[in-house]
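For reference, the structure discussed in these notes is given below.
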Amino acid sequence: MRTLVAFLTFFGLGGWWACERGWESWQVALFALACGMSVGLIVAWVLTLQRKLNTEGNIRSENAVGKSAQVYLRIPANRSGAGKITLSIQGRSAEYQALTDGAELPTGTQVLVLSQLNNDTFLVARVGRESGLS
């Protein structure tokens, strides 16, 4: 529909411009057709490019496994409670609940996401020399 509107608009404008210059009717028709077709093709091309930019907006939480994160709210030791982590996933910053099998992880600690326990909870471990993870 947008391409058709662009064609008709520039067909009319091109024809009007050519009429104002005193061109013969066959020249006016040809010029108007060329203007309409040119702009119609450009609009169709731009709309095709725009459709290619479409992306899925859903975050797939399973993509967090194997990524590094930072503890946002402390995580109690030995899965005795849940804390929170923040991480960058699919170009966005996301916050999830987290548990650990090791010692308590204070706020600001760098961790590695080991596995997904459910939709919004992950098992994490400290990253660093003492953990053996890096």
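What follows is calculated from the coordinates using simple rules that are stated; it is not laboratory data. Everything numeric in this text was worked out from a predicted model, so none of it was measured. Ideal geometry is used to build each Cβ from the backbone, glycine not excepted, and the neighbour counts take in all protein chains shown.
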Label model pair Arg74, Cys19: point-to-point distance (7 angstrom along the Cα→beta-carbon line) in nm is 8.1 nm
Among Leu117, Leu105, Leu47, the residue with the largest mean-square fluctuation in a Gaussian network model of the chain built from Cα contacts under 10 Å is Leu47
Rounded to the nearest 0.05, FRET efficiency between Leu53 and Leu33 (Cβ-Cβ, R0 35 Å) equals 0.70
Plugging the Cβ-Cβ distance of Lys67 and Val46 into 1/(1 + (r/R0)^6) at R0 = 35 Å yields, to the nearest 0.05, a FRET efficiency of 0.45
Taking only C-alpha positions in the chain, Rg and Dmax in angstrom work out to 29.8, 88
The chain, Gaussian network, Cα under 10 Å: of Val46, Val71, Val124, the residue fluctuating most is Val46
For Gln116 and Leu4, extending 7 Å from Cα along the Cα-Cβ vector and measuring point to point gives, in nm, a value of 4.4 nm
Quick calc, the chain, dipole around Cα centre from Cβ unit charges on Lys, Arg (+) and Asp, Glu (-), nearest 20 debye, gives 180 debye
Among chymotrypsin sites (Phe, Trp or Tyr not before Pro) in region 25-58, those in a DSSP loop whose Cβ has at most 11 other Cβ atoms within 10 Å are none
